[in-house]
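Here the structure comes first, spelled out in structure tokens, and everything after it is commentary.
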Amino acid sequence: MPVPHFAPVRVRGGHPRLRRLLRHRRRAMAVGLAVTAAALAASGPPDTARPPDRTAAEATSPEPPRSAPEKEKVTAPVRIADAEAARLLRPGDRVDVVAAESPAGGAKPRVVAAGARVTEVPEQGEAASGTGALVVLSVPRDTAARLAAAGASARLAVTLR
């Protein structure tokens, strides 16, 4: 027995967006992955479990991240022998402070503070002196004591990291 001829059945309504997404499966997969990634990022561990973000100055520093807890930092004013070299410094720079004894003493130059962060470079008018320029560094407390002792007996210089 033959099937009778009838008009096609048309369903109205539906979800045109869903049909469009199904036609574009790659796009649907990308949207699904993006939503999943956002959900995972939002439900991650609390901020206290994450390591602190590094600033741009620290990110360019060649120093490897330290696993040991940071020592207490203090600010130490240091008189650099070469005032012109001190003008090159900017807050946030990392420097090594080198103590150079007098040539008559015969002692070799030594690094007193490695990787000290420059916090301030006062204007020449504020710290004008014939003996150099003042630079304020952020260093651990024991390093600040070594800087003070070296500054009393030697000429100090800085090298940029």
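Before moving on, here are some points about what is shown:
- Check on residue 117, modelled with pLDDT of 85 or more, charged (D, E, K, R), within 22 Å of residue 91 (Cα to Cα) and assigned to a strand (DSSP E or B): yes
- Residue satisfying all of: in the range 1-37; exposed (fewer than 10 other Cβ atoms within 10 Å of the Cβ) and among the β-branched types (Val, Ile, Thr); modelled with the lowest pLDDT among these: 11
- The set of residues in the range 148-161 that are crowded, with 20+ Cβ neighbours inside 10 Å and within 25 Å of the chain's Cα centre (by Cα) contains only 158.
- Top-ranked residue in the range 60-83 [being in a loop (DSSP other than H, G, I, E, B) and modelled with pLDDT of 85 or more; ranked as farthest from residue 109 (Cα to Cα)]: 72
The values are calculated or read from the model by the stated rules, or taken from the named source; none is laboratory data. From a predicted model like this one, the values you see are computed outputs, not experimental measurements. Virtual Cβ from ideal backbone geometry, glycine too; neighbours counted across all protein chains shown.
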